[in-house]
1. Could you tell me which residue of the range 114-134 is nearest to residue 152 (Cα to Cα), considering only residues that are touching a residue at least 40 places away in the same chain (Cβ under 8 Å) and among the charged types (D, E, K, R)?
2. Of the residues that make up the range 111-120, is at least one over 15 Å from the mean Cα position of the chain (by Cα) and at pLDDT 95 or above?
3. Of everything in the range 114-132, what is in a loop (DSSP other than H, G, I, E, B), of a type in the set (D, E, K, R) and farther than 22 Å from residue 170 by Cα? Give them in sequence order.
4. Just to be sure I understand the filter: pairs with C-beta atoms under 7 Å, separated by 6 or more residues or on different chains, first member in the range 1-21 and crowded, with 17+ Cβ neighbours inside 10 Å, second member part of a helix (DSSP H, G or I) and of a type in the set (Phe, Trp, Tyr). Which pairs pass?
5. Against the definition (open to solvent by less than 10 Å² (accessible area, probe 1.4 Å) and at pLDDT 95 or above), how does residue 76 come out, yes or no?
6. Which pairs do you get when a residue that is at positive phi and in contact (Cβ under 8 Å) with a residue 60 or more places away in the chain, found in the range 139-164, comes within reach of a residue that is open to solvent by 20 Å² or more (accessible area, probe 1.4 Å) and hydrophobic (A, V, I, L, M, F, W, C), reach meaning Cβ atoms under 7 angstrom, with the pair 6+ apart or on two chains?
7. Could you please find all residues in the range 28-51 being closer than 21 Å to residue 102 by Cα, open to solvent by less than 70 Å² (accessible area, probe 1.4 Å), outside any strand (DSSP E or B) and not β-branched (Val, Ile, Thr)?
8. Which is touching a residue at least 24 places away in the same chain (Cβ under 8 Å), out of contact with any Pro (no Cβ under 7 Å at 6 or more places or on another chain) and not polar (S, T, N, Q), of 101, 25, 36?
Amino acid sequence: MRAVRARGAACRVVAWSRSAETRNFCAGKPWCDAVFATPEECVRDADFVVVCVPADKIAAMLAAVAPALKPGALVTDVGSTKGEVCRNAAESLSAFPEITFVGSHPMAGSEKSGPEHAADDLFENRVCFVTPDEKTPAPSVETVTAFWEKLGMRIVKAAPAEHDKIVAHVSHLPHLIASTL
């Protein structure tokens, strides 16, 4: 959220967290315009939504918020796997054809988590995968791409399955080996 505000990537930045402590923290920050108690309230007037939950929770989150999204809303995510996420997103949004999902995977961050560790330059010169499928409208892909570029990211476009193969080799496998050691 800090990077979005600092780089002018959105007119309004709003948030939801399941944690009341996190909601309270964000509510007092200049980079957050509003904080909501439910995800449905959070997305209600949004044109562009970034779902920031663990990859295995994205489909459930999309199913929960889909009825609250306005027609024409564009949704992306930050999940580290894309094949299953994109398939589940399509299923979760199938009853809402006026809402578009474009998968994303910004490869940024550190071992520290939570909004207290946010930084204006978190995404600077990092790679972000944008993972449309063959049915994804080109203008939606370009909007998602432009958003991440505005945050300073270098974009790699790949099909969801291709993303998963690449990331398994350059990210997940090294993490597994490091954890084992």
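1. By that ranking, first place goes to 121.
2. Scanning the range 111-120, I find no residue that is over 15 Å from the mean Cα position of the chain (by Cα) and at pLDDT 95 or above, so the answer is no.
3. Correct list: 120, 121.
4. 9/147
5. Details: open to solvent by less than 10 Å² (accessible area, probe 1.4 Å): yes; at pLDDT 95 or above: yes.
It is true that residue 76 is open to solvent by less than 10 Å² (accessible area, probe 1.4 Å) and at pLDDT 95 or above.
6. Short answer, once both residue conditions are applied: 152/123.
7. Residues satisfying the conditions are 39, 40, 42, 46.
8. Just one listed residue meets the conditions, 101.
The values are calculated or read from the model by the stated rules, or taken from the named source; none is laboratory data. Predicted model, so just to flag it, every value in this text is computed and none were measured. Counting neighbours? That spans all protein chains shown, and the Cβs are built from the backbone with ideal geometry, glycine included. Surface accessibility is based on the protein's heavy atoms, side chains included, excluding ligands, DNA and RNA. Shrake-Rupley method; radii C 1.70, N 1.55, O 1.52, S 1.80 Å.
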